[in-house]
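Worksheet for the structure shown next.
What follows is calculated from the coordinates using simple rules that are stated; it is not laboratory data. Model, not experiment: these values are computed from the prediction. Neighbour counts run over all protein chains shown; Cβ positions are idealised from the backbone, glycine included.
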Ligand code: SF4
Ligand code: SF4
């Protein structure tokens, strides 16, 4: 098997890479949903009229795979409303009217972390979830037998067009990252840490090498990855950093790895040092419709509208507004949708940028097959799905698809390949559930 | 700001390639061969080309209209089929046969099977073979301007010189004689990444090696076998048809190897002097099986450590 998996060349459009992140003033109101993570929504811990400060807990984790939610501004709880999420579901959200003071909750204090259990407890308390991806609660990743962990892998690969918030974090928050690495390595006895960054991010690589040199408790290495899309997918990153293959349907820990996004790591470091939970996010605000693209440090719950206003407003009507990058990002349900814990970018794309060709018949050119990093056959999967051929879908290993979007991106017929893959996975899952129920 | 964003599945950007763009590249790549054919065989060659292209486009247009399907002539694939068909015909072919051949290619081979992407065999090649069988079209000797005045050189006693074969000034189908013009077009397709090297290189290479042995290790005669007849146009333009050739690199290699071997077997041991069309047609039929055998291994499904 090749040293590197296949990838594709996507436009970079990293317009914001060389500008420092700008902290935004407290918005008038923030809307903080109780569901910003995988797993059950948090339980409301405040009611209308309550006074809160930055860092006051407003939602209590509900179950093992859930996360606490904290107020990101100081002020008064104005109302509790239902918030439409990108996946179509709704969850309660706390609307806080800011008093503009941004005063910090006095009860916050740095946690005492001495061993694995206290680390897991602290992370659980912090409300930190995977900030680059689906919002998987971070403490769960460390709640394993430390003997199973060979590598801690830091994801510094930021392969999506436009998005630069992770890169900016690596350039400016090395100290937080170093603190987090030292604590985690000490508590879990991890000897090897690998930071993966694409080779076109020279400055970030240099910054991380300097950071790595300051860490003494474990071996920290910076691996430069090819600058093709995708590098940030967990399975791709683990393979490129360690040569290990995560089997289909398994997690990084099954290959002895824990993967943490670099911004998540910096947030962990800040929390361990100060006790300030996850209340703000560095967000890349870009896209052709945005007047002044830049990285903005915004309180969680800030509306996208306010974010755009802070960046000089929109100079053109966007056709699409996205959470995240254009390859894997999801469309924002409406303009007053808030910045979430796992929002790394908000893009307002113009018609020209988001232009997709007409969908026509598959010409069997093989571009999708030859560009899939995992060697899947998306055209065949689509045909199998259209005839609801479950055996064929299993044979084609559709469950291995990471939905990176390479196949759809290169398809000259613009077939909805990623969509068909998602539907196929859903179809197989439902079928398995049905069969399990029968027995 | 209103709720203006369309809820759409990722990815939200696209590389910009389209079926129409690819077909346009193929048409451009065939221009040198069309030009060479016109220079060598005269203006009637151009007439054959125009009739075939127009007929193919018209038949697809009409078929879509009659069956009330979305119009597909804009993707230029019918024009490509027409051009390829014309370039595979002798210059003195009766015009009515061009029309019937186009009808067969577009309606029988392509549209009735469900249109672009669903045909099992290459429309232009199948129509060529159909015309050969039905009308004996290709048995009619072309009348080259000043080269050997018999059938295609493969059937002739005396091969033209290598230079003649390279430039194309000898008898044969309109677009197949000039290796130079075809190579220019082929390289254009490679540069534009419309095709990969696998099929043309392996196909032509196989024929060369086989011929080298059969011709008593005579490299010049082996090279003549490569340049004469429909091999170069077949290897670059017909065998590389997406729909009817395998998608993966190894599939392509296997496909081209088979096509090369069959071409030689027919040329040396068969009844027809020219085997390229039959060989490609035969491999078209095997393509779904080759596709299955050469499926890429999916990452994470074992054995890939
Ligand atoms: S890339 Fe598109 S047109 Fe080409 S084989 Fe795949 S699905 Fe078909
Ligand atoms: S099939 Fe899945 S993994 Fe492969 S390119 Fe498409 S989205 Fe990516």
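Between helix B:179-191 and chain B there is an angle of about 20 degrees, using the helix long axis and the longest principal axis of the Cα atoms. If a spin label sat at a point 7 angstrom from the Cα of residue A:203 along the line to its beta carbon, the backbone N atoms of the stretch A:3-30 nearer than 16 Å would be those of A:13-22. Mean sequence separation of contacting Cα pairs (under 8 Å, at least six apart), scaled by the length of chain B, corresponds to a relative contact order of 17 percent. Note on A:331-339: average number of Cβ atoms from other chains within 10 Å of each residue's Cβ is 3. DSSP bridge analysis restricted to the stretch A:280-395 gives an antiparallel fraction near 80%, rounded to the nearest 5.
Taking the number of Cβ atoms within 10 Å of each Cβ as an exposure proxy, the fewest-first ranking of A:401, A:262 is A:401, A:262. Label sites at residue A:150 and residue A:274, each approximated as a point 7 angstrom past Cα along Cα to Cβ, lie 3.8 nm apart.
Between residue A:317 and residue B:220, what is the FRET efficiency for a Förster distance of 60 Å, r being their Cβ-Cβ separation, to the nearest 0.05? That gives a FRET efficiency of 0.35.
Between the alpha-carbon centres of the stretch A:34-82 and the stretch A:208-251 there is a gap of 33 Å.
Using R0 = 51 Å, the C-beta based FRET efficiency linking residue B:133 and residue B:190 works out to 0.95.
Rounded to the nearest 5, what % of the DSSP beta bridges within chain A are antiparallel ones?
In chain A, DSSP labels about 60 percent of beta bridges as antiparallel.
If a/c stays under 1.5 just call it rounded; otherwise compare a/b with b/c (prolate if a/b is bigger, oblate if not). Do that for the stretch A:343-439, with a ≥ b ≥ c from the square roots of the Cα gyration tensor eigenvalues. Prolate, because a/c is 1.5 or more and a/b exceeds b/c. Rounded, prolate or oblate for the protein assembly as shown? Axes are the square roots of the Cα gyration tensor eigenvalues, ordered a ≥ b ≥ c, and the cut-off for rounded is a/c under 1.5. Prolate, because a/c is 1.5 or more and a/b exceeds b/c. For the pair residue A:143 and residue A:435 in one chain, pulling the backbone fully straight at 0.36 nm per residue adds 101.9 nm over the alpha carbon distance.
Run the numbers on chain A and let me know its relative contact order in percent, using alpha-carbon pairs under 8 Å that are six or more apart. Working shown, then result.
On the way: 999 pairs, mean separation 75.8, N = 439.
For chain A, the relative contact order is 17 percent.
Which one of B:99, B:220, B:202 has the biggest mean-square fluctuation once chain B is modelled by GNM with Cα springs under 10 Å? Comparing B:99, B:220, B:202 in a Gaussian network model of chain B, the most mobile one is B:220. A simple packing score, the average count of other Cβ atoms within 10 Å per residue, orders the peptides B:8-17, B:167-176, B:284-293, A:363-372 as B:167-176, A:363-372, B:8-17, B:284-293, with the highest score first.
What's the exposure ranking of B:253, A:104, going from fewest to most Cβ atoms within 10 Å?
The fewest-first ordering by Cβ neighbours comes to A:104, B:253.
For a paramagnetic label modelled on residue A:12 (point 7 Å from Cα along Cα→Cβ), amide N atoms under 17 Å away belong, within the stretch A:184-200, to A:197-200.
Only Cα pairs within less than 10 Å get springs; with that Gaussian network setup on chain B, which residue of B:210, B:166, B:269 has the largest fluctuation? Most flexible of the set in this elastic network: B:269. Across the stretch B:217-305, the relative contact order, built from alpha-carbon pairs under 8 Å that are at least six residues apart, equals 31 percent. Residues B:283, A:177, A:102 in ascending order of nearby Cβ atoms (within 10 Å, fewest first): A:102, B:283, A:177. Shielding of peptide A:306-319 by partners, expressed as the average count of other chain Cβ atoms within 10 Å per residue Cβ, is 1. The helix-only estimate of mean residue ellipticity at 222 nm for the protein assembly as shown, built from DSSP H runs of length n ≥ 4 each weighted as -39500 (n - 2.57), is -12000 deg cm²/dmol after division by the residue total.
Take the Cβ atoms of residue A:65 and residue B:162, set R0 to 41 Å, and the FRET efficiency comes out at 0.05.
Label chain B by shape, choosing from rounded, prolate and oblate, from the square roots a ≥ b ≥ c of the eigenvalues of the Cα gyration tensor; if a/c is under 1.5 it is rounded, and otherwise prolate applies when a/b is larger than b/c, oblate when it is not.
Cα axes put chain B in the oblate bin.
For residue A:336, put the label point 7 Å out on the Cα→Cβ axis and report which residues of the stretch A:90-108 keep their amide N under 16 Å from it. The answer is A:91-98.
If both residues of a DSSP beta bridge must be in the protein assembly as shown, then about 60% of such bridges are antiparallel.
Averaged over the residues of B:65-74, the number of partner chain Cβ atoms lying within 10 Å of the residue Cβ comes to 1.
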